[in-house]
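The values are calculated or read from the model by the stated rules, or taken from the named source; none is laboratory data. Only a predicted model underlies this, so the values are computations on that prediction, with no experimental measurement involved. For neighbour counting, all protein chains shown are included, and Cβ atoms are generated from backbone atoms with ideal geometry for every residue, glycine included. Remember, those area values only see protein heavy atoms, side chains included, never the ligands or the DNA or RNA. Shrake-Rupley method; radii C 1.70, N 1.55, O 1.52, S 1.80 Å.
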Amino acid sequence: MKRIGVFTSGGDAPGMNAAIRAVVRQAHALGLEVIGIRRGYAGMILGEMVPLGVRDVANILQRGGTILLTARSQEFLTEEGRAKAAARLKAAGIGGLVAIGGDGTFRGAMRLTEEQGVPVVGVPGTIDNDLYGTDYTIGFDTAVNTALEAIDRIRDTAASHERVFFIEVMGRDSGFIALDVGLAGGAEVIAVPEEPLDPKAIAEGLLESQRRGKTSSIVVVAEGAYPGGAAGLLAAIKEHVRVEARVTVLGHIQRGGSPTAKDRILASRLGAAAVEALARSTGGVMVGEVEGEVAFTPLKEAVERKKDINRVLLGLSRVLAL
Ligand code: ADP
């Protein structure tokens, strides 16, 4: 293999650029050329490609988003679309790919490897941290810190006005962001999809904490924890008790911004490891970090197995929220 491709796909995440930079520079060290594919699978089908030299990735380490742009592609969901993409890669002399994205991206990558014979190594880039085979995904730490900063600000208002705030954070159907943000922000309640939710019990808990002298409370709600998110949960709680509360949906501010040191280091390490893996294997794996070491997991396992939230930390958050 002389030439490899790199692309970002699905939701953007801070640190994707740091991963692209690492891919390009590690490839250079190994004597491989790199082609950047723009707009994910959509751009792959259209042949949107740019050569990436070591200088082309200067000054992007600290930038959020992705210089290669990202997109979602309906056409790639069809075998015909994937065949077109594979033909474009072949025509460009690309012998293997580094795919930076989340589980949807990796499902596509699996198909590309198994069905079209294109070796792909996945780099986990998603703020949701919902991939098996890595303790953390690239972008998660930045998203947690961004959401935490917002929660600290809301806490000031909650305390000053003696109010209850329901704050919805991202995470799709997982509670990783909610748990870390809730624990670090001292939330009175953390609602995650991994645990059954009882609106009545939450209502009683809020009343009980008022009886104990709390004048304000923060309830952190993962977007997938309850139908309708934070607003839906508050409505369900109001059926049991009269709780005056404000809802804040943090939304897309959690996705952008300059990556934290932790995310830059993770992205640098995993981007470089992906190129090394691609140079010596047939792909079909995701590169992650498990207990501080680089680890490889078949893409199939990475998307199909469920990584659990840290139940010990969830329990601790409840003890500390007294
Ligand atoms: P993420 O990678 O952040 O989870 P998406 O779920 O939007 O993002 O997936 C990104 C793209 O990957 C989709 O637009 C689609 O083109 C491709 N993709 C997702 N699932 C599959 C699948 N089962 N088979 C083939 N391609 C897929």
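For region 245-321, the fraction of C-alpha pairs more than 20 angstrom apart is 59%. Any idea how far the Cα center of region 78-146 sits from the one of region 233-279, in Å? Rounded to whole Å, the Cα centres lie 19 Å apart.
Given a cut-off of 31 Å, what percent of all Cα-Cα pairs of the chain lie beyond it? For the chain, the share of Cα pairs beyond 31 Å comes to 35 percent.
In this structure, Ala201 and Ile265 have a Cβ-Cβ separation that, at R0 = 56 Å, corresponds to a calculated FRET efficiency of about 0.90. Counting only alpha carbon atoms, the long axis of helix 311-320 and the longest principal axis of the chain meet at about 30°.
Calculated on C-alpha atoms, the gyration radius of region 141-255 divided by its Kirkwood radius gives an Rg/Rh of 0.93. Listed by chain and number, the lysines whose C-alpha is less than 24 Å from the C-alpha of Lys262, apart from same-chain residues fewer than 8 away, are Lys306, Lys307.
Rolling a 1.4 Å probe over the protein heavy atoms of the chain, with every protein chain left in place, gives an accessible area that is 51 percent carbon and sulfur. The label-point distance for Ala92 and Val290, in a model that sets each label 7 Å from Cα toward Cβ, rounds to 3.2 nm. Only Lys, Arg, Asp and Glu carry charge here, each on its Cβ (+1 for the first two, -1 for the last two); on that basis the chain has a dipole of about 780 debye about its Cα centre. Taking 11 Å as the cut-off, the amide N atoms of region 24-47 that come nearer than this to a point 7 Å along the Cα-to-beta-carbon line of Lys2 belong to 33.
Annotation: per residue accessible area for the chain equals 43 Å², rounded to a whole number [probe 1.4 Å, protein chains only]. Model label points for Leu322 and Leu77, set 7 angstrom from Cα along the Cα-to-Cβ axis, are 5.1 nm apart. When the trypsin sites (Lys or Arg not before Pro) in region 165-271 are filtered for DSSP coil states and for at most 14 other beta-carbon atoms within 10 Å of their beta-carbon, the remaining sites are Arg212, Arg242. In summary, the lysines within cross-link reach of Lys84, defined as a Cα separation below 27 angstrom excluding same-chain residues under 8 places away, comprise Lys2, Lys300. Compared with the dominant Cα axis of the chain, that is its longest principal axis, helix 103-116 is turned about 30°. Overall, region 259-322 carries a charge dipole of about 200 debye about its Cα centre when +1 sits on the Cβ of Lys and Arg and -1 on the Cβ of Asp and Glu, all other atoms neutral.
Across q = 0.16, 0.19, 0.20, 0.31 Å⁻¹, region 22-79 modelled as identical point scatterers on its alpha-carbon atoms has Debye log10 I(q)/I(0) values of -0.58, -0.76, -0.81, -1.21, in the order of the q list. For the chain, find the longest principal axis of its Cα atoms and tell me its angle to the long axis of helix 229-238, 0 to 90°, nearest 10. With both axes taken from Cα atoms, the answer is about 20 degrees.
Each label point was placed 7 Å from the Cα along the Cα-to-Cβ direction; for His252 and Asp308 their separation is 3.6 nm. Under the combined filter of DSSP loop state and at most 13 neighbouring Cβ atoms within 10 Å, region 285-322 retains these GluC sites (Glu not before Pro): Glu291. When the alpha carbon gyration tensor of region 79-138 is reduced to an equivalent ellipsoid, the three semi-axes, largest first, read 24, 11, 9 Å. Judged by the ratio a/c of the largest to the smallest principal axis of the C-alpha gyration tensor, region 126-203 counts as oblate, that ratio being 1.5 or greater while a/b is no larger than b/c.
Its relative contact order, with pairs defined as Cα atoms under 8 Å and 6+ residues apart, puts region 192-322 at 18 percent.
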